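Please read the structure below before turning to the comments.
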Amino acid sequence: MLNPVEIVEKQNAIIRIQSDVIDELFLLLMQHVSADEVDRLPCVERINEAARIRREIE
């Protein structure tokens, strides 16, 4: 059984992997649509919100 510190470390690793995948997918998306189209996507607002929160904790 994992101790709480190990669990948090593993969760952080998962979050980093997911973040990297999202970044890669976003870059791929940007190759196929215009910046104006991307700005209108609801997910972009959530991505920007996550980035703001991340800056707050760094």
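Residues of the chain: accessible area per residue at 1.4 Å, in Å²?
Heavy-atom SASA per residue in the chain reads 93 Å².
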* Structure fact -> With residue 44 itself left out, Lys, Arg at +1 and Asp, Glu at -1 over residues whose Cβ is under 15 Å from its Cβ give -3
* Go through (i) 10.1, 30; (ii) 15.0, 49; (iii) 14.1, 47 and flag the label whose value is the computed Rg and Dmax of the Cα atoms in Å for this structure. => (ii)
* Please compute the net charge surrounding residue 31, taking Lys and Arg as +1 and Asp and Glu as -1 over other residues with Cβ under 14 Å from its Cβ. => -3
* Just the accessible area for residue 34, please: 1.4 Å probe, Å², rounded to the nearest 10? -> 50
* Structure fact -> Computed, not fitted: 222 nm per-residue ellipticity of the chain from DSSP H runs ≥ 4 (each -39500 (n - 2.57)), nearest 500, equal to -27500 deg cm²/dmol
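The values are calculated or read from the model by the stated rules, or taken from the named source; none is laboratory data. Just so you know, these numbers come straight off a predicted model, no measurement behind them. Virtual Cβ from ideal backbone geometry, glycine too; neighbours counted across all protein chains shown. Quick note on the areas: whole protein, heavy atoms, side chains included, nothing else; ligands and nucleic acids left out. Shrake-Rupley method; radii C 1.70, N 1.55, O 1.52, S 1.80 Å.
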